[in-house]
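Okay, so here's the structure we're looking at.
Every read-out reported here was derived from the displayed coordinates using simple, explicitly stated rules and does not represent laboratory data. Not measured: the values here are computed from a predicted model. Because the Cβ atoms are built from the backbone with ideal geometry, glycine has one as well, and the counts that use them run over all protein chains shown.
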Amino acid sequence: MRIILFGPPGAGKGTQAKKLSEVFGIPHIATGDILREEVARGTELGKLAKSYMDRGELVPDDIIIRIIEERLKREDCRNGFILDGFPRTMAQAEALDDLLRRLNIKLDAVINLEVSDDEVVRRLSYRRICKKCGKIYHLMFDPPKEDNICDMCGGELYQRDDDKEEVIRNRLEVYRKQTLPLLKYYEEKGLLININGERSIDEVFNDIIRVLESKR
Ligand code: AMP
């Protein structure tokens, strides 16, 4: 299975990608996670990326395309992968097509998780993430048992710098301008599947599995 998970920030791409990765035994590749690791390690790439990420802007295409090219060529992607947060611009989509052509592989589906702006703001401003295991909480709908402590591993919870309300608004604007046009691109290729993302995690997941099984 070679899948792109598409949708605005906060649509649930990461949550669904993790579950799909377990079910299909294929890697979950999130460009945002890769960049945040570089930031945490304090690399040159991380420092550069942070200056864009903190403002909710996109990191330049050439950097992202290089990261994806290197990642998709690794052995663990041989039987498939789930892309989360990539591509985000037309240039990235075209570079991905070019790379897949060179690797002689094809995408199976682009799953678009549909979520309204209000819901995105509601989800992201209350989102907290475990520093240690990455588990995602929502302070109102899925809070940890103990304040700021992960139920699963005891790690400390944090809020992403770009999950502050003013940055969320800009991320939504960037999504609308630069990323949304890709929907038409994938629709014309016959790959687009729209899924209502404003339901429970399990309902959305079951829907995704159902449409993917029908494609097999
Ligand atoms: P995410 O975790 O997917 O919400 O990404 C967080 C931030 O990382 C974004 O707001 C961008 O600054 C950057 N980023 C992640 N993926 C990409 C991408 N494909 N192209 C450009 N910037 C990206």
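If you check ARG55, ARG36 for being near the ligand (Cβ under 10 Å from one of its atoms), buried (at least 18 other Cβ atoms within 10 Å of the Cβ) and within 26 Å of GLN159 (Cα to Cα), only one passes: ARG36. When TYR137 is evaluated against the numbered criteria (1) closer than 30 Å to SER51 by Cβ; (2) in a helix (DSSP H, G or I), which criterion, by number, is the only one it fails? The failed condition is (2). Considering every residue within segment 174-190, establish whether at least one is buried (at least 16 other Cβ atoms within 10 Å of the Cβ), more than 18 Å from the chain's Cα centre (by Cα) and within 23 Å of ILE29 (Cα to Cα). Yes, segment 174-190 has at least one match. Residues of segment 1-16 that are crowded, with 22+ Cβ neighbours inside 10 Å and part of a helix (DSSP H, G or I): LYS13, GLN16. When restricted to residues that are near the ligand (Cβ under 9 Å from one of its atoms) and either more than 20 Å from ALA17 (Cβ to Cβ) or in a helix (DSSP H, G or I) (or both), segment 66-88 contains 2. Of the conditions (1) assigned to a strand (DSSP E or B); (2) farther than 20 Å from ASP54 by Cβ, LEU157 clears all except one; give me its number. The failed condition is (2). A residue that is free of Cβ contacts under 8 Å to residues at least 12 places away in the same chain and over 21 Å from THR15 (Cβ atoms) occurs somewhere in segment 89-97.
Pairs meeting the criteria (first residue in segment 39-62 and at positive phi, second residue charged (D, E, K, R) and near the ligand (Cβ under 7 Å from one of its atoms), beta carbons under 7 Å, at least 6 apart or on different chains) are GLY56/ASP162; GLY56/ARG171. Scanning segment 185-200 for residues that are of a type outside the set (Ser, Thr, Tyr), within 25 Å of GLU119 (Cα to Cα) and without any contact (Cβ under 8 Å) to a residue 12 or more places away in the chain yields a count of 2.
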